[in-house]
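As structure tokens, the structure follows; a few thoughts come after it.
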Amino acid sequence: MEPYVRKDASFALCGLNCCLCPRFHTDGSSRCPGCGGSDFSSKHPICPVITCGKKHDSVEYCFECREYPCKRYSTIGTADSFISYRNVIHNFADANKDLKQYLKDLKQKNKILLDLISNHNDGRSKGFFCLAVDLLPLSELTTILKEIKACWKAVDMDPKEKGKKTREIFELHARKLKIELSLRN
């Protein structure tokens with residue numbers, strides 16, 4: 001089978017933000033290169049969305065398909081995997097409006113995520129940060145990051161306490177927006 005390769009592996013054919021997934025940021029053998037990224041086909045030899053995409057004009061994103069929204073997107077499931085599927089339709093709507101801007105915003109979200117993982121992770125928070133950055137709007141993330149950085153300038157905490165406090169700040173902002181920061185099983 002011919003390897004599946006895409007221009008930008010950070011935003012998947014199916015609408016997931018690959019670059020905000022914990023497996024995208026893992027150093028081990030379970031690391032995922034993102035949709036159509038380097039060595040993607042060996043990590044994910046079968047993907048029904050890719051198979052469908054090849055049958056339907058080989059679009060770069062499902063929202064570009066002449067049959068979108070199809071049955072697959074009319075009922076987004078109630079369970080998540082490593083990354084939440086809750087925002088897929090919203091992601092597609094934003095990308096369809098202005099793909100260049102969507103990818104620019106996604107790149108900014110990834111930059112925020114990398115900062116959180118590097119500077120605020122207590123060794124147990126990477127998955128939480130990935131989920132929070134994926135689900136919260138960019139404007140809210142910018143506000144949260146400023147609040148976190150101001151908080152840590154004033155206080156010297158051990159990494160576990162710092163990670164706990166950082167998660168609390170995220171939860172507070174998410175509750176105000178009625179966004180639940182947990183994966184659905």
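By other beta-carbon atoms within 10 Å, ranking Thr143, Thr78 with the fewest at the front produces Thr78, Thr143. Taking a straight line from the alpha carbon of Lys178, these aspartates and glutamates sit under 19 Å away, with near neighbours fewer than eight places off in the same chain left out: Asp80, Asp134, Glu140, Glu168. Only Lys, Arg, Asp and Glu carry charge here, each on its Cβ (+1 for the first two, -1 for the last two); on that basis the chain has a dipole of about 160 debye about its Cα centre.
Straight Cα distances below 22 angstrom link Lys97 to the lysines Lys7, Lys71, Lys107, Lys109, with same-chain residues fewer than 8 positions distant left out. Ranking Thr51, Thr26, Pro69 by how far each Cα lies toward the positive end of the dipole of the chain (charges on Cβ) leaves Pro69 at the top. Grab the DSSP H runs of the chain that are 4 residues or longer, score each as -39,500 (n - 2.57), total them, divide by all residues and round the 222 nm result to the nearest 500 deg cm²/dmol. My calculation for the chain gives -15500 deg cm²/dmol from helical runs alone. Once you reduce region 49-103 and region 152-185 to the center of their Cα atoms, the two points are 29 Å from each other.
Just so you know, all these numbers are worked out from the coordinates, no wet-lab data involved. Computed from a predicted model, the values in this text were never measured in an experiment. As a convention, Cβ positions derive from the backbone with ideal geometry for all residues, glycine included, and neighbour counts pool all protein chains shown.
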